[in-house]
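For reference, the structure is listed below as C-alpha cells.
We did not get these values from a lab; they are worked out from the coordinates using the rules stated. Note that this is a predicted model, so its numbers are computed, not measured. All Cβ positions, glycine included, derive from the backbone under ideal geometry; neighbour counts span all protein chains shown.
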Amino acid sequence: MTSMRRFSTFDLLKFNNVNLDPLTETYNMGFYLQYLAKWPQYCFMATGPGARPMGYVLGKAEDFQDKPASWHGHVTAVTVPPEYRRLGMATRLMEVLERVSELNAGYFVDLFVRKSNALAIGMYSKMGYIVYREVIGYYSGEENAYDMRKALPRDVDKKSIIPLPAPVHPHELD
C-alpha cells in the first residue's frame, strides 16, 4: 500500500535510500528547506509499509513577469529508488504535481532532464511531455539537457509547448 503526502522536513532525515541513485541530483539541506518553505504544496513524498520512502517530487511555481501565460509548475526533482521503479510511482508523483499546478492556474509543467537519460525521456514522453528546447551545458557545463513541457488545460491553444527551433545556453533561459 502506497500513500502520498506532503514532503516534510522530517523526511530529509529518512530519504537516503531514495537519493543514493547515481542519476538523482542531490542538493544541500538549505536547498530542500527553501522549497519546503516557499512551495510546500509542490513537494510530495510517497511512502510504503513502515513509512519507508518510495520516492518524492520537489517542485515550485514559476512565472515570467513579461509573459502573461507563463505561470507554470516546475519539477525540480522526481526520484524513485531502484526497488520501487516500474511500479508507476514516478507517474503518480508527477500527476500530483501536475494537479497542484493546474489548481494554481498554471499553463504548463516543465522539467529538465539529461539528454543522455533515455529512460527518463521515454517515461516523460509517455506522460505527455515534449522536448521544448535543448539547453547546452546545463549540467555542470558538461552535459546538455532537454527542457520538457506538458501543457495543462488552461493552455487551450497549447502555445506553451511549441518547440523552439534552436538550442539555448543556460544564461538564455527565461
Exercise. Output the relative contact order of the stretch 1-79, whole-number percent, from Cα pairs under 8 angstrom with separation of 6+ residues.
Key: 30
Quiz item: So which GluC sites (Glu not before Pro) in the stretch 106-162 are both in a DSSP loop and have at most 11 other Cβ atoms within 10 Å of their Cβ?
Solution: 142
Quiz prompt | Reported label for calculated Cα extents along the principal axes in Å given [x] 107, 41, 24; [y] 40, 34, 30; [z] 47, 35, 31 | solution = [z]
Self-check item: Computed over the chain: relative contact order in percent, which uses C-alpha pairs under 8 Å that are six or more apart
Solution: 17
Quiz prompt | Sum of -39500 (n - 2.57) over DSSP H runs of 4+, divided by residues of the chain (222 nm, nearest 500) | solution = -6500 deg cm²/dmol
Quiz item: Roughly what would the spin-label model give for residue 70 and residue 25, points 7 Å off Cα along C-beta, in nm?
Solution: 1.9
Quiz item: What FRET efficiency would be calculated for the residue pair residue 51, residue 126, taking the C-beta separation as r and a Förster radius of 30 Å, to the nearest 0.05?
Solution: 0.55
Exercise. With a point put 7 Å past each Cα toward its Cβ, work out how far residue 164 is from residue 37 in nm, to one decimal.
Key: 3.0
Quiz prompt | Rg in Å to one decimal, and Dmax rounded to a whole Å, for the stretch 58-121 via C-alpha atoms | solution = 13.3, 44
Quiz item: Is there a pair in 38/115; 60/158; 60/159; 38/126 whose C-alpha atoms are over 23 Å apart, and which pairs would that be?
Solution: 38/115; 38/126
Exercise. Normalising by the residue count of the stretch 87-147, find the relative contact order in percent from Cα pairs under 8 Å and 6+ residues apart.
Key: 29
Exercise. At 7 Å along the Cα-to-beta-carbon direction for both residue 140 and residue 10, put a label point, then send me their distance in nm to one decimal.
Key: 3.5
Practice problem: Place a +1 charge on the Cβ of each Lys and Arg in the stretch 1-139 and a -1 charge on the Cβ of each Asp and Glu, then give the dipole magnitude about the Cα centre in debye, rounded to the nearest 20. | Solution: 320
Quiz item: Under a Cβ-Cβ cut-off of 9 Å, what is the net charge of the residues other than residue 53 that fall near it, where Lys and Arg count +1 and Asp and Glu count -1?
Solution: +1
